[in-house]
1. Any residue that is on the phi < 0 side of the Ramachandran plot, surrounded by fewer than 22 Cβ atoms within 10 Å (Cβ to Cβ) and assigned to a helix (DSSP H, G or I) - is there at least one of those in the stretch A:197-210?
2. For residue B:64, are the conditions met, namely being over 18 Å from the mean Cα position of the chain (by Cα), surrounded by fewer than 22 Cβ atoms within 10 Å (Cβ to Cβ), modelled with pLDDT under 95 and assigned to a helix (DSSP H, G or I)?
3. Run down B:138, B:165, B:145 and say which single residue is within 14 Å of chain A (Cβ to nearest Cβ) and either among the hydrophobic types (A, V, I, L, M, F, W, C) or without any contact (Cβ under 8 Å) to a residue 12 or more places away in the chain (or both).
4. Can you list the strands (runs of 3 or more DSSP E) found entirely within the stretch A:153-192 that contain at least 3 residues being closer than 18 Å to residue A:66 by Cβ?
5. Does residue A:278 fit the bill of being without any contact (Cβ under 8 Å) to a residue 12 or more places away in the chain and assigned to a helix (DSSP H, G or I)?
6. Only residues that are surrounded by fewer than 18 Cβ atoms within 10 Å (Cβ to Cβ) and over 18 Å from residue A:95 (Cβ atoms): list them for the stretch A:134-147, please.
7. I'd like to verify a number: residues in the stretch A:279-299 that are more than 15 Å from residue B:83 (Cβ to Cβ) and of a type in the set (D, E, K, R), how many?
Amino acid sequence: MGVIALRMLFGDRAKYLGLIFGVAFSTLLIAQQGGLFVGLMLRTAAVIADAQEVDIWVMDPQARYLDTVRAMRPTELPRVRGVDGVAWAVPLYKATVPLKTLDGRIENTMMLGVDDATLIGATSRFVMGTLEDLRKPDGIAIDRAGYQRLWPGEPLRLGRELELNDSRAVIVAITDASAAFTANIIMYAPFSRATAYSPQGRNSVSFILARAAAGHTPDAVAAAISAQTGLQALSAANFRWKTIKFFLQNTGIPISFGVVIVLGVVVGVAIVGLTFNIFVAENLRQYGALKAMGLSNLSLVGLVMLQATVVGAVGYGIVLGIAAMFFRFATQGELRGFYLPWWIAAGVAGLTLLIMLLATVGSLRRVVVLDPAIVFRS
Amino acid sequence: MEFAISCRDVFKTFGTGERAARALRGVSLDVRPGEMTLLVGPSGCGKTTLISAIAAMLTPDSGAIEVFGQNVAKMSIGARTMFRRRTVGFVFQQFNLLPALTATENASLPLRIAGRSAAEANRAAAILLERLGLADHLDRYPDQLSGGQQQRVAIARGLVHAPRLLVCDEPTASLDAANGQAAMAIMRETAVQADRTVIVVTHDDRIYHFADRIAHMDDGRVIDVVAQERVQHQEHAA
């Protein structure tokens, strides 16, 4: 009977397309807004995610998230290194530095100064040049999106010069660093040079990046660092979540996106529910005829559920394809930070299922209580 | 004589209070096996309610309805569903063909509902449709068929699973006179067999001569049952 159910569904092409459109529209809203929201939240902690070899982030006890930087004394570094379970610890400098191109364009950049000796703390994704190129005189690395913002439409090229706080800098590498929440251009330089570019002064250690020695967990080592130094030490995962949580709690972003997602569900239930109800109502005599011929209520419910499932699956599939294509297209250029991981796709599938369930409840009831004698009424 | 259908003091009221409509007010009726019985009477006299009850589609308030020895008035919903599936065939006034299915697929529906494979059901339906003169229309959709052809598909659907009871509701109401006569002739020829009973609800007195018996209803009761000989006699006299 499944094939017959599908033939009934596909036979009414206008309503079938209307149902698909309803599901697709609401699912697109949910997927797109969900992806944007997750992407935006992950951008807040992009710097933490990009420093992949770092287990532990150490900072001033008052720091609430990645962007509340309060400089620490350089003497804190050896104290952290002395904590049992720390394999290594390096300084990271983070500051906003004004930038000027030779043709006069002005931007702000997020300057990240990584350890002079090891260069730990930078992204590992390089489009041109390498991490080691940062050792070249006046060498800095710039992210690709930032480069394209400074020189739109021009091909990527190393060796370009610019001014950072009135000091000369040369682009020696181009990275594919994750987009930051503030949309600043992201630059990497060795620690000593980065602090020289900054108007905030020398010897400012924004963070101490550390790694737990073999046999120690990052959380345990972080707790030991906090206990012995009085600094705030968090595992990379915890610091990332703390940063995201700060934005969740202190901005209107979750509510704004949440409202759109709820609207997507409401619109979906309304459009799909109404259209599906009309579809079932117009086919009521057909369902009645099948019931009169001896099709059980259970089979009829299965038939309607199959129709609803196909509508949901096709609408969801179309949307996932569109969303994936859109996100792929959007992440090619400067529009970074769109995110469609498997768990968003799974979440959208769950919400689509919810929409279809809510939308079909009324229709199922009509079919179950349907009097087969309806077929005798003219 | 063992009757195929035996109704005794059947009552059915729809609604309650002032809005109550008493559709059946103590109907008693016996229908013989191997015969075509017409159920006639003015609109609202209870014909459709009675065949709905006989076909196990609604439960009367009181009374007994025995169809081939089974009291359908006392059956559970599930038992009624199984009874309809195995024992009853239907021909509806508005055909109620599924527009998305071909003539063969429509006619095969009772067999599909009974769990037979699509190939087997379609084969059986095609044989019956060919007998009904639709050999060239097996793969046509309802909107590609004339009213008469659609009614023949509906007749095939009513008979394809060899039911012991065929219930027809105004089978000629949507057809012109010629097509109505043709449909009844086909029904008379293919449906009426020794082990099958056919009940036809109709307003169309032009098809009375196809009946073995005619039961007249009025005001929720069967007031008279006339055998075929009397029908012919009365027609002569008229």
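The values are calculated or read from the model by the stated rules, or taken from the named source; none is laboratory data. The structure displayed is predicted, hence computed values, not measured ones. As a convention, Cβ positions derive from the backbone with ideal geometry for all residues, glycine included, and neighbour counts pool all protein chains shown.
1. No; the residues of the stretch A:197-210 include none that is on the phi < 0 side of the Ramachandran plot, surrounded by fewer than 22 Cβ atoms within 10 Å (Cβ to Cβ) and assigned to a helix (DSSP H, G or I).
2. no
3. Matching residue, one of B:138, B:165, B:145: B:165.
4. A:185-190
5. no
6. A:135, A:136, A:137
7. Total satisfying the criteria: 2.
Table: residues versus (1) surrounded by 22 or more Cβ atoms within 10 Å (Cβ to Cβ); (2) within 7 Å of another protein chain (Cβ to nearest Cβ); (3) within 19 Å of residue A:3 (Cβ to Cβ); (4) without any contact (Cβ under 8 Å) to a residue 40 or more places away in the chain.
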{"residue": "B:87", "(1), (2), (3), (4)": "no, no, no, no"}
{"residue": "B:92", "(1), (2), (3), (4)": "yes, yes, no, no"}
{"residue": "B:100", "(1), (2), (3), (4)": "no, yes, yes, no"}
{"residue": "B:120", "(1), (2), (3), (4)": "no, no, yes, yes"}
{"residue": "B:125", "(1), (2), (3), (4)": "yes, no, yes, yes"}
